1. Can you pull out the residues in region 14-30 that are over 22 Å from Val46 (Cβ atoms) and either polar (S, T, N, Q) or open to solvent by less than 50 Å² (accessible area, probe 1.4 Å) (or both)?
2. Picking from Ala70, Ala4, which residue would you name as being loosely packed, with under 11 Cβ neighbours inside 10 Å and at pLDDT below 95?
3. Would you confirm, using the coordinates I've provided, whether Ser38 is within 12 Å of the chain's Cα centre (by Cα), of a type in the set (Ser, Thr, Tyr), open to solvent by less than 50 Å² (accessible area, probe 1.4 Å) and under 27 Å from Asp69 (Cα atoms)?
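The values are calculated or read from the model by the stated rules, or taken from the named source; none is laboratory data. All values reported here derive from a predicted model rather than from experimental measurement. Neighbour counts run over all protein chains shown; Cβ positions are idealised from the backbone, glycine included. Heads up: the accessible areas ignore ligands, DNA and RNA and are worked out on the full protein's heavy atoms, side chains in. Shrake-Rupley method; radii C 1.70, N 1.55, O 1.52, S 1.80 Å.
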Amino acid sequence: MPLAPTHPGALGLRRGGEGEATLFALREDGFDDEIALSADDLPPGVTGSPQVIGSGERHGSIIFSATADA
């Protein structure tokens, strides 16, 4: 579900805060393996925790964290 109708892919993250992004997998052609989730090229001070969408599952989340000086 979008966080806001005007910004369907947006995630607000304040300095020193955390935010969760839920990702949905549209599995096709019988694909049922695990899907690795990660975030690259983030701004300085921002990290995203790598996660896995398990076999047979349709969604997963990445938790983003920002340092106080991000």
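1. Ala25, the sole residue that qualifies.
2. Ala4
3. no
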